[in-house]
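Working notes for the structure below.
The values are calculated or read from the model by the stated rules, or taken from the named source; none is laboratory data. Computed from a predicted model, the values in this text were never measured in an experiment. All Cβ positions, even for glycine, are placed from backbone atoms using ideal geometry, and neighbour counts span all protein chains on display. Calculation scope for accessible area: heavy atoms of the full protein, side chains included, ligands and nucleic acids excluded. Shrake-Rupley method; radii C 1.70, N 1.55, O 1.52, S 1.80 Å.
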Amino acid sequence: MRAAVFTRPNEVEIQTVAMPVPRPTEVRVRLEGCGISSADVAAWAGMPWRSYPSEPGALGHEGWGVVDAVGSKVETVAIGARVALISSRAYAEYDVTDADKVIPIPRALWLTAFPGSALATALSLFQKAAVKRGEHVAVIGVGFQGAVLTRLACAAGAQVTVFSRRNYALEIARQLGAHGALPLVSPSETFEDAAQLTRSKFFDCVIEINTTHSGHKLAIELAREHGRLVTREDAPPTIEGIRAAIDAIASGRLRPALLYTHHYTLGRLGEALKVAAERPDGFIKAIVKPEGFRPL
């Protein structure tokens, strides 16, 4: 199969490597695509703890595709099922993972991209936030997950204010139903803008996607007394989160397709990562797909 191998910081090659073979409790997935996350971008740029070359497919953890082989002890997943999976080697044509880390995607959603891990994180955050109708909710950071959370909170009947450094992201948030959209400037200016917008009442719930020190400090300041603060670290991706994402999309509360703004083949992974790092106007999320994928 073909798989991405990171040879050094900011450099990736597509190599031909051995096909993975599932162990008795694993399934193999012929990958249809994989989303690119901000964590992938940071790791691609080089971290002290990373070693090179990477294992084939490494970093990719937002994959989905069709099961094409199962281990001898697997009884819960059938060959031919289209699934989202939790794994870490999905920048490839195939990946393997434990059978309990995949979940079938309903046929009604087969025509859409499904970066399950990214959707799961957003839905898990939303569940922890416990947003109620009529509440004032702040979302700090409007990338893919921030946009998903904005839409879900609006659908729940909350008044949502988003904060972002990118004008394009603020416009997307308005399209998703945000009541207010404020630029992230200096912490003091942003705080004053929020105070004016909320008449100094601030927010019942603050959801922080921007994980910088200044972003976290601002999140604390924007929460009203006895308000709730939820951060991205509070919600690792889980199968339950993917299941919640499937329910949200199937019910129409969430339509993430417009957030998949950039599409690349696996052979252009380096270009895709560079664009994801630069986040030009019009960018929310990039999707990478193996060349020539065809359903079984």
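What the table shows:
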quantity	calculated
Diffusion constant of the range 6-163 at 25 °C, which comes from Stokes-Einstein with the Kirkwood Cα-pair radius and 0.890 mPa s, µm²/s	142 µm²/s
Cα-Cα pairs of the range 155-201 separated by more than 12 Å (percent)	60 percent
Cross-link reach list, lysines versus Lys128, counting only Cα pairs under 24 Å and skipping chain neighbours closer than eight places	Lys101, Lys201, Lys217, Lys285
Amide H contacts of Val206 (H built 1.01 Å from N, under 5 Å, at least 5 apart or other chain)	Ala138, Arg228, Leu229, Val230
In order through the range 13-27: 3J(HN,Hα) via Karplus (6.51 cos²θ - 1.76 cosθ + 1.60), integer Hz, x for Gly, Pro	10, 9, 10, 8, 10, 5, 5, x, 10, x, 6, x, 9, 10, 10
Computed helical MRE - 222 nm, the chain, DSSP H runs ≥ 4 contributing -39500 (n - 2.57), nearest 500	-8500 deg cm²/dmol
Among (i) 53, 39, 31; (ii) 59, 40, 39; (iii) 60, 39, 29, the entry derived from the coordinates for Cα extents along the principal axes in Å	(iii)
Between helix 116-129 and the chain: long-axis angle, C-alpha atoms, 0 to 90°, nearest 10	30 degrees
With Cα atoms, 0 to 90° folded angle of helix 187-197 axis to the chain main axis	70 degrees
Accessible area (Å², 1.4 Å probe, nearest 10) - Lys289	70 Å²
Whole-Å distance, taken between Cα centres, linking the range 172-245 and the range 1-23	38 Å
Mean separation of Cα contacts under 8 Å, 6 or more apart, over the residue count of the chain: relative contact order %	19 percent
In order through the range 102-109: 3J(HN,Hα) via Karplus (6.51 cos²θ - 1.76 cosθ + 1.60), integer Hz, x for Gly, Pro	10, 9, x, 9, x, 4, 4, 10
Backbone HN-Hα couplings from phi across the range 144-160 [Karplus 6.51/-1.76/1.60, Hz, Gly and Pro as x]	4, 5, x, 5, 4, 5, 4, 5, 5, 5, 5, 5, 7, x, 8, 8, 10
Electrostatic dipole magnitude of the chain [Cβ: Lys, Arg +1; Asp, Glu -1; Cα centre; debye, to 20]	500 debye
Nonlocal amide H pairs with Gly60, under 5 Å, H built at 1.01 Å	Ala90, Tyr91
Heavy atoms of Arg243 accessible to a 1.4 Å probe, total area in Å² rounded to 10	110 Å²
Net charge dipole size for the range 1-155 [Lys, Arg +1 and Asp, Glu -1 on Cβ; Debye, nearest 20]	380 debye
Candidate lysines for bridging to Lys289, where Cα separation is under 20 Å - those fewer than 8 sequence places away on the same chain excluded	Lys274
Calculated Rg and Dmax of the range 138-242 using C-alpha coordinates, Å	12.8, 40
Most positive-pole-ward Cα, Ala58, Ala257, Gln15, against dipole of the chain from beta carbon charges	Ala257
Residue-normalised accessible area of the chain, given per residue in Å² at a 1.4 Å probe	45 Å²
